[in-house]
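Rule-based calculations on the coordinates, nothing more; no lab input. It should be emphasised that the depicted structure is a prediction, and the values quoted were computed from it without experimental measurement. Reconstructed Cβ throughout: ideal geometry from the backbone, glycine too, with neighbour counts over all protein chains shown.
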Amino acid sequence: QAPQRRGGAGAPKGEKEAEKGPRHKAEEARRLVEERQNKEREEQERLQRETTRRRQEEERQQREEERRRREEEERERKALEERVRKAREERQKREEEERAAKEKEEAARKAQEERRKKEETELLEREEVERQRLKEAKENEERLKREEAERLRLEVAERLRLEEPERRRLEEAERRRLEEEARRRLEEEERQRLEEVERQRLEEVERQRLEEVERQRLEEEERQRQKEESEAAAAAARHLAELEELQRLANAKAAAAVKPPPDDPVDEELDRLHAAHDTELDAGHRFAVDRNKEIDQWDAAMAEAEEAMKHLLDLPREKLFGEEGRERAAEARRRFQELRAISPLQILELFEEGVLDKLYENEKEMEMKKKMEMEKQKQMEEEIRKEMEKMEKEMEEEMEMEKHDTHAMLDDDDDNAFMDDYIDSPSEDDDDSIDDDEEDEEEAKNDSQEENNTHILPSDESLLDSLESIHDRMSAVQLPNPSLPHADASALPSLLRDADLLLSKVDRAIAKKIRAAPAETTDP
């Protein structure tokens, strides 16, 4: 028999079944493996979908929490802006009321000043009329005296003509007396001239010393101001760099929070960044609360400083430059010092310490100048007194000479009595006129001194205008609140510096007026 192929058509049925079994088992096993792999693949896909769903759910929850946090911050920011806006509106309303009251007071002050000027003008006119009347009366009296003296001179000349030798002897004696007096006067004038030259030299030396001291003080102030400006600029640059660094970190953290790694469902780095971000938000909230407290405290101090400045400006002119004005100026300086101490601005910390302690650094120079003025005044009074004594002495010598001439010329008692009366009467009149002149000079001196002590000088007007300018500038300062985009406090340092310097000038001016007032006067 011919051999048949395995599994061929001629093979028996049992052999076919035997050949089909292993192949079927292999296919069955392969099918089972594929089904198990499919189930595992489906399970993995299901798990991956579940993981993706959980990750999306977590991201949605995070976005929802972030949105709620931003809404809460926005509500807080709007509430803060509304509170600041209301405070600003109230302050503006209060300032408008104060400005209206100030305008009314200024109008009343101007009206009072006009009335005072009008009264002074009328008083000066009446005084001028009275002075003119007295002058005319005095001229008439002098004219009558001159006519009487001329008549008597003619009579005496007639009698002197009869006594020519005696008259020549008396003239020679008078000439020698006048020459001796002229020599003494020249010596006295030379001595006074030398004293004046020495005094001018000493004044020039003192003036140069004071100018050198003032120049050194100005140079020191300029160096200190430049140092303060450089330190303030450096602090501002550092602060700006810190803000930029914080903004960069916040942007990086926000980008990291929005884009988590897609492969890791539990990202520890992302959790750490979120925790750090939440911590910074809490710290920022606490900083905002503390800063609001500082701002409220600063607002209260600013209001107190404005009130102190207003109390100082509300004083009448005659009281402003007195003890009460000096006390209120000191209170205003104290308020400005407290304002500077609690101010939230970092630039104020760069101010030179002890600025208020230097308010009286020129007091010694002022005292020295005043002493020199008093010495000069005393010297002028001494010169006037000497001149008056010299005039009185000359008049007495002339009268004595006329008496001798009259006694030599007149032999009878009646003529002697007549000439004595004639000679004595001008002496009494002259003494009275000298006393009147001295009284007029003393009254004029007292009037000028009283006027200097009570009247408002142009420099005082300038100080008052500067005080009102400082008070107006205080309302223009805005606090550096981070929530306000247009906040500007750059004018605050110069405002505090100008207020300190101006109040020191006011105090020195008041002190000078008080010292210049008479000792018995209590109300300047």
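Lys and Arg at +1, Asp and Glu at -1: add these up for the other residues within a Cβ distance under 12 Å of E89 and post the number. Charge balance in the 12 Å sphere: +3. Length available on full extension from E81 to A108: 0.36 nm per residue minus the Cα-Cα distance, which gives 5.7 nm.
May I ask for the equivalent-ellipsoid semi-axes of region 87-211, computed as the square root of five times each C-alpha gyration tensor eigenvalue and listed largest first in whole Å? Intermediate values should be presented prior to the final figure.
Numbers: eigenvalues 899, 231, 3 Å².
Equivalent ellipsoid semi-axes, largest first: 67, 34, 4 Å.
Quotient of the Cα radius of gyration of region 25-113 and 2.2 N^0.38 Å, N being its number of residues: 3.13.
Give me the net charge for the shell around K39: Cβ to Cβ below 14 angstrom, other residues only, Lys and Arg +1, Asp and Glu -1. Numbers along the way, then the final one.
Working: positive: R31, R36, R41, R46; negative: E34, E35, E40, E42, E43, E45.
In short, -2.
When each of the peptides 80-88, 213-221 is scored by the mean number of other C-beta atoms lying within 10 Å of its residues, the order from highest to lowest reads 80-88, 213-221.
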